[in-house]
Amino acid sequence: MNVAIVKYNAGNIYSVVNALHRLGVEPLLTDDAEQLRKADRVLFPGQGEARGAMEYLRERGLDQVIRSLTQPVLGICVGQQLLCRHSEEGDVDCIGIFDADVKRFSPTRHEDKVPCMGWNKLTDVDPLLFEENSYVYFVHSYYVPVCQYTAAVADYILPYSAALHRDNFYACQFHPEKSGKVGERIIKKFLEL
């Protein structure tokens, strides 16, 4: 299977590479449009800041390439956020696969810390990729509200979209590559779609 990872100026790519290696997959790390279009599966991971990431993607035409992909695509963390319409982080328009806006967490109590870091439970899941009441690892200050594309819900300050799904696009706010056996099963299910 030909698996490509979108290469752009966002961190966390090598932990995804290592997760794929553990599954016996040798991914191609690329920002080449043709390589991305030819891949059987595309992963779009990221940590970082939305405005800078979108500028990098637009300068190389990768936003249009990602939008045009027809094979299964999995956005991870900032990758999920960039697949949305708009992000409050840097007040930037994003790729627009999911007609939803990315919001910054607003703490309401002293114990509400931002960024949200740690393990959280998935509920109201789409069983195609996700497991009800499983725990996965999050690190984020921004979230996608629950919407028509929500494929899993987590609760931190408020219920929000832990995962999204629309057509061939899947996305998760959490890090499956850092979520132990549960995350490994999610990546494996994605590869088997």
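Of all residue pairs spaced 6 or more apart or on separate chains, those with beta-carbon atoms under 9 Å, a first member in segment 109-124 that is open to solvent by 100 Å² or more (accessible area, probe 1.4 Å) and among the aromatic types (Phe, Trp, Tyr) and a second member that is in a strand (DSSP E or B) and at pLDDT 95 or above are TRP119/TYR135; TRP119/VAL136; TRP119/TYR137; TRP119/PHE138.
Checking every residue in segment 156-173 against the condition of being open to solvent by less than 40 Å² (accessible area, probe 1.4 Å), outside any strand (DSSP E or B), at pLDDT 95 or above and under 20 Å from ASP99 (Cβ atoms) gives at least one match. Selection within segment 44-85: residues that are polar (S, T, N, Q) and either assigned to a helix (DSSP H, G or I) or over 22 Å from GLU34 (Cβ atoms) (or both). The member of this set that is modelled with the lowest pLDDT is GLN47.
For segment 1-27, the set of residues classified as exposed (fewer than 15 other Cβ atoms within 10 Å of the Cβ) and either of a type in the set (Phe, Trp, Tyr) or not in a helix (DSSP H, G or I) (or both) consists of MET1, ASN2, ASN9, GLY11, TYR14, LEU23, GLY24, GLU26, listed by residue number.
Among the residues of segment 45-56, some residue qualifies, meaning at least one is in contact (Cβ under 8 Å) with a residue 40 or more places away in the chain, within 18 Å of ALA163 (Cα to Cα) and surrounded by fewer than 23 Cβ atoms within 10 Å (Cβ to Cβ).
The set of residues in segment 126-140 being out of contact with any Gly (no Cβ under 8 Å at 6 or more places or on another chain) and closer than 14 Å to GLY183 by Cα consists of PRO127, LEU128, LEU129, PHE130, GLU131, GLU132, ASN133, SER134, TYR135.
The values are calculated or read from the model by the stated rules, or taken from the named source; none is laboratory data. Quick caveat: nothing in here was measured; it's all calculated off a predicted structure. FYI the Cβ positions are ideal-geometry reconstructions off the backbone, even for glycines, and counts take in every protein chain you see. Ligands, DNA and RNA are stripped out before the accessible areas are found, and what is left, the full protein with its side chains, is counted by its heavy atoms. Shrake-Rupley method; radii C 1.70, N 1.55, O 1.52, S 1.80 Å.
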